Amino acid sequence: VIYIPPDAPEILAAYREEENKWQKSALMACFLGPPYVPSFEEISGKIFVSPVVRTFIYERTPEAHIDWVQRIAQWRFKQIIPAHLDAPIKAGPKEFLKAFDFLLDPSQNPLPEGDMRPLNAISKLLSITGLVPPRAADNR
């Protein structure tokens, strides 16, 4: 899971000076495409699964990951330390489970549709060529 703070971290103070630079950089890193800055408001300040990891791993074999997510959610924790962006995140099992709602219901997609276009196009191409299995939602 990741968490994008509404404002650039102190180490990226220069990003605060140029209008929307933090928002554009965060969106581009998450979605691998040109950012649509208004969608920053939809994801900043929320805990969610990285769009790249979600699209290319979790959504392809949700049944293989549901058990893992539920086992982690049984732990008693009050924060998550992600590999990227802001850390630690104040979150417990409930917030962790919510970030993975899409595994049980693929229609649960809090990710901005416009920003997902590049990832969806790459995903479709990989599936059509047989390099990866289709996403679970594609089979419904």
If a residue has to be of a type in the set (S, T, N, Q) and open to solvent by less than 60 Å² (accessible area, probe 1.4 Å) to count, how many in the range 82-119 make the cut? 0
Can you name the condition, by its number, that residue 67 falls short on among (1) of a type in the set (Asp, Glu); (2) modelled with pLDDT of 90 or more; (3) open to solvent by 90 Å² or more (accessible area, probe 1.4 Å)? (3)
In this structure, does residue 102 turn out to be over 12 Å from residue 1 (Cα atoms), of a type in the set (Phe, Trp, Tyr), at pLDDT 90 or above and in contact with a Lys or Arg (Cβ under 8 Å, 6 or more places away or on another chain)? yes
Under the condition of being surrounded by fewer than 16 Cβ atoms within 10 Å (Cβ to Cβ) and charged (D, E, K, R), which residue from the range 120-140 is nearest to residue 38 (Cα to Cα)? 124
Given the structure, is residue 66 touching a residue at least 12 places away in the same chain (Cβ under 8 Å) and farther than 17 Å from residue 135 by Cα? no
Among 90, 78, the single one that is closer than 14 Å to residue 2 by Cα and free of Cβ contacts under 8 Å to residues at least 60 places away in the same chain is 90
Selection from the range 24-62 of residues that are part of a loop (DSSP other than H, G, I, E, B) and of a type outside the set (Phe, Trp, Tyr): 32, 33, 34, 35, 44, 45, 46, 49, 50, 57, 61
Being under 14 Å from residue 115 (Cβ atoms) and surrounded by 17 or more Cβ atoms within 10 Å (Cβ to Cβ) narrows it down to one residue among 39, 25; which is it? 39
When the range 10-22 is checked residue by residue, the ones that are open to solvent by less than 40 Å² (accessible area, probe 1.4 Å) and in a loop (DSSP other than H, G, I, E, B) are 13
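The values are calculated or read from the model by the stated rules, or taken from the named source; none is laboratory data. What you are looking at is a predicted structure, and each value in this text was computed from that prediction instead of being measured. All Cβ positions, glycine included, derive from the backbone under ideal geometry; neighbour counts span all protein chains shown. Just the protein is used for accessible areas: all its heavy atoms, side chains included, with ligands, DNA and RNA removed. Shrake-Rupley method; radii C 1.70, N 1.55, O 1.52, S 1.80 Å.
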